[in-house]
Amino acid sequence: MISDKARFDLTIAKFDAANANDPNKEVFKGKEYPKELIYAHRMTDMLMHFAPDASEQVQLAVRAQHICRWKIPRDSYPMDKNGYMQWRTYLYKYHGETAGQIMREVGYDDEMIAKVQSLLRKEKLKLNPETQMLEDVIDLTFLQHYLEAFVNKYSHYEEEKLLDILRKTWKKMSEKGHEAALKLNYTPEMLAVVKKALGAA
């Protein structure tokens, strides 16, 4: 019988193998990576920094947060607010089903699979500490690794939209998440953006 640790390690490896098929690439420190694979590793690294004693289901959900996301592109739904919400809702279900299938193949029981799927659907945010932990890690990973590209995406005339998105991100985080966010290694330019958003909150 496979040990609990071996089962966990094999599941993580299978999550990574699925994300390694991402045709979209990101160059980091001169090396090219599949976009969702490097995202998954950044998520785990952030969790280990933010909550090193996180439960097994949180660790699995963190690694599967964007699993195979490229297969459901944003433009497969209407490019408006309602379309965006429909896309996000379907992604929650899709990531849960994809992670659950891998977990089942490796030997996890229905109870653990249901816990991971509930986390990936972001159920009971602000009420379930583990859902909140996942949300904090998502937001911290965004702020640390993706904020600069996000800021560059918006021109000056869209600055208010950018600040509004940052304020909404901040509202989803816990107090512990806020404390961690203020200690991230920002460039001076990105720190100024964060402070401007919080100043307007």
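Tabulated values for the structure
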| read-out | value |
| --- | --- |
| Phi to ³J(HN,Hα) by Karplus 6.51 cos²θ - 1.76 cosθ + 1.60 over the stretch 10-23, Hz, x for Gly, Pro | 5, 5, 4, 4, 6, 4, 5, 5, 5, 6, 5, 7, 4, x |
| Förster radius 35 Å - calculated FRET efficiency between Tyr146 and Ser3 (Cβ-Cβ, nearest 0.05) | 0.45 |
| Relative contact order (%) - criterion: Cα under 8 Å, at least six apart; region: the chain | 18 percent |
| Full-extension gain in nm, His178 to Leu10, via 0.36 nm per residue minus C-alpha separation | 57.2 nm |
| Too-long pairs where the Cα-Cα distance tops 25 Å, listed order kept, from Lys25/Lys115; Lys93/Lys126; Lys122/Lys176 | Lys25/Lys115 |
| Karplus-derived 3J(HN,Hα), 6.51/-1.76/1.60, for each residue of the stretch 82-92, Hz, glycine and proline x | 5, x, 5, 5, 5, 4, 4, 4, 5, 4, 4 |
| Centre separation in Å (Cα based) which lies between the stretch 96-118 and the stretch 170-201 | 34 Å |
| Listed values (i) 8, 28, 21, 14, 15, 10, 4, 0; (ii) 8, 28, 25, 18, 12, 6, 2; (iii) 8, 32, 38, 18, 3, 0, entry calculated as P(r) over Cα pairs in 10 Å bins from 0, in percent | (iii) |
| Placed amide H near Glu26: partners under 5 Å, 5+ positions off or other chain | Tyr33, Lys35 |
| Prolate/oblate/rounded label for the stretch 148-195 (Cα gyration tensor, a/c 1.5) | oblate |
| Residue of Leu163, Leu91, Leu134 that the Gaussian network model of the chain assigns the largest fluctuation, springs spanning Cα pairs under 10 Å | Leu163 |
| Neighbour cut-off at most 10 other Cβ (10 Å), DSSP loop, trypsin sites (Lys or Arg not before Pro), the stretch 90-192 | Lys183 |
| GluC sites (Glu not before Pro) restricted to the stretch 104-169 and DSSP loop, no more than 16 other C-beta within 10 Å | Glu123 |
| Gln86-Glu160 FRET efficiency (beta carbon distance; Förster radius 41 Å; 0.05 resolution) | 0.95 |
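Just so you know, all these numbers are worked out from the coordinates, no wet-lab data involved. Keep in mind it's a predicted model, so treat the numbers as computed, not measured. Positions of Cβ are generated from backbone atoms using ideal geometry, with glycine treated the same way; all protein chains shown enter the neighbour counts.
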